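This report refers to the structure that appears directly beneath it.
The values are calculated or read from the model by the stated rules, or taken from the named source; none is laboratory data. Note that the coordinates shown come from a computational prediction; the quantities given were computed from them, not determined experimentally. Cβ sites come from the backbone with ideal geometry, for glycine too, and all protein chains shown count toward neighbours. Just the protein is used for accessible areas: all its heavy atoms, side chains included, with ligands, DNA and RNA removed. Shrake-Rupley method; radii C 1.70, N 1.55, O 1.52, S 1.80 Å.
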Amino acid sequence: MKKSIILTTIALAFGMLFSINTYAQKFANVDKSPLDITYYRAERTAPPMIKVIYSRPQLNGRELSKLAPNGKVWRTGANEATEIKFFQDMNFGGKAVKAGTYSLFAIPGDTEWTVILNNELDVWGAFSYKEANDVVRVNVPATTGEAVDDFSIVFENDNMHLAWGTTRIAVPVSK
């Protein structure tokens, strides 16, 4: 009797072990350019005025000029084109922008970048970018700073800061 209980228990344990593995979910590897969101608010507890959803590619020893070449339209991140949502009419780089959601593209340069708000949404990369859909183009100076391996966008002191490698740009934003 005792022997049959032990054998039954062992058989059930093996059965459960194999059935768990049989039904285990398969997940893709973690995205190498994880999604991030940043907000622009007048104060920490105030409602957001701008929200940016973007993927954060890493340099990983590669050159920025290879990943975001000068003079070519870049999706301003990785994977899908970065989206920027204005919750109210705003001033972006000295130009009026109506409330709404736009794709955020950029054209890198050595000393100046062109930052673009475009009407085309839910696009992958900049492959389908059409200049005819641009809403606003803003030219901002490119500066340098401490190296940042992961592409980053933050709002600080009424500017939208973009940083990757040692390159920095800042687009003034205001209500």
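Rounded to the nearest 10 Å², what accessible area does Glu131 have for a 1.4 Å probe in the complete protein model?
Per-residue accessible area (Glu131): approximately 120 Å².
Below 13 Å Cα-Cα, how many Lys pairs turn up in the chain? Only count pairs eight or more apart in sequence, or on different chains, if you could.
Qualifying lysine pairs in the chain: 5.
Which residue fluctuates the most in the chain, going by a Gaussian network model with Cα springs under 10 Å, if the choices are Phe27, Phe155, Phe105?
Taking springs between Cα atoms under 10 Å, the residue moving most is Phe27.
Compute the distance in nm between two label points, each set 7 Å from the Cα along the Cα-to-Cβ direction, one at Ala96 and one at Ser128.
3.1 nm
Can you give the accessible area per residue of the chain, in Å², using a 1.4 Å probe?
62 Å²
Could you give the angle, 0 to 90 degrees to the nearest 10, between helix 2-22's Cα long axis and the longest principal axis of the Cα atoms of the chain?
Here the helix axis deviates by roughly 20 degrees.
Counting helices only, and only those DSSP H runs with n ≥ 4, report the 222 nm mean residue ellipticity of the chain as the sum of -39,500 (n - 2.57) divided by its residues, in deg cm²/dmol to the nearest 500.
Calculated from helices alone, the mean residue ellipticity at 222 nm is -4500 deg cm²/dmol.
Report, to the nearest whole %, how much of the accessible area of the chain belongs to carbon and sulfur atoms, 1.4 Å probe, protein only.
55 percent
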